[in-house]
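Report on one structure; see the data block that follows.
The values are calculated or read from the model by the stated rules, or taken from the named source; none is laboratory data. If you're wondering where the values come from, they're calculated on a predicted model, not measured in any experiment. Reconstructed Cβ throughout: ideal geometry from the backbone, glycine too, with neighbour counts over all protein chains shown.
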Amino acid sequence: MNWGIEYILSQVFTIIMYVLMAITYYMKNRKAILMVSFASLVANVMAYVLLNAWSGLAMCMVAMLRNIIFLVDEKRNGKRDEISQKDIVVLVILYMISGISAILTYEGFFSLLSVFATMIYTYSVWQKKTEVYKFCGIPVGILWILYNFYVKSIFGVVLEAVLLANSIVGYQLEKRRKNA
C-alpha cells in the first residue's frame, strides 16, 4: 500500500464522511438525514476518487442522485408516510441505475459489496421510516466494512465499524422511544 499524499487525503475525506454519517443515526427527521447524508457522500466521492475505488464512487453518485430525488419529492409533495406507485417506480429506477453502474465498474465480487450496500441503504431511506433506516444500517455497515477492506481504506474499515455500532445504538434508542 502506498502511503502517499493521495492515500492520506482519502483517509481524511473518509473521516469527514463517517462523522457526518454517524450523526444521521441520531436524527429523527428523514429530510435532515438525507441532507446530512448528501454532505457525507461528497466527502466519500473524494475519498473513492483518491483510492481509485470505482464501484464505490459509482454508488456514491447513485446515492447522491437518490438523495436529490427524495429531497425534491418531499419538498414538492410534503412529508408522506405512505408509499405511492411513483415511489415504487423511483426505487426500481434507482436499482436499475445501480445495476448498470455495477456492470460498468465491476472489478470482481468484492466490488459488488458497495452495490449491495447502496441498494439496501436506498431502500432504508426510500421507505420513510426512521426505525427501518436505522435497522438497515446494520447490514449496510457490514457490507461497507468488507468493501473498505477490499479497497484498503483503513479508516473506512475502522470508522464503518464505529458507524455500525452507532446504527445499532440508534436502532435500540428508536425501539425504546417507540415502546415508551
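A few comments on the model shown:
- A search for C-beta distances below 8 Å between a residue of segment 160-180 that is over 19 Å from residue 139 (Cβ atoms) and any residue that is in a helix (DSSP H, G or I), counting only pairs 6+ apart in sequence or on different chains, returns 178/131.
Results for (1) of a type in the set (Lys, Arg); (2) surrounded by fewer than 19 Cβ atoms within 10 Å (Cβ to Cβ); (3) in contact with a strand residue (DSSP E or B) (Cβ under 6 Å, 6 or more places away or on another chain); (4) part of a helix (DSSP H, G or I), shown as yes or no for each residue.
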{"residue": "2", "(1), (2), (3), (4)": "no, yes, no, no"}
{"residue": "8", "(1), (2), (3), (4)": "no, yes, no, yes"}
{"residue": "14", "(1), (2), (3), (4)": "no, no, no, yes"}
{"residue": "27", "(1), (2), (3), (4)": "no, yes, no, no"}
{"residue": "37", "(1), (2), (3), (4)": "no, no, no, yes"}
{"residue": "42", "(1), (2), (3), (4)": "no, yes, no, yes"}
{"residue": "47", "(1), (2), (3), (4)": "no, no, no, yes"}
{"residue": "64", "(1), (2), (3), (4)": "no, yes, no, yes"}
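- Selection status of residue 152, on the phi > 0 side of the Ramachandran plot and over 12 Å from the mean Cα position of the chain (by Cα): yes
- Exclusive hit being without any contact (Cβ under 8 Å) to a residue 60 or more places away in the chain and hydrophobic (A, V, I, L, M, F, W, C), set 21, 59: 59
- Segment 80-179 holds helices (runs of 4 or more DSSP H) entirely within its bounds, and those carrying 2 or more residues that are modelled with pLDDT under 95 and of a type in the set (Asp, Glu) map to 154-179.
- Looking across segment 6-21 at every residue that is within 20 Å of residue 140 (Cβ to Cβ) and of a type outside the set (Ser, Thr, Tyr), the one that is modelled with the lowest pLDDT is identified as 21.
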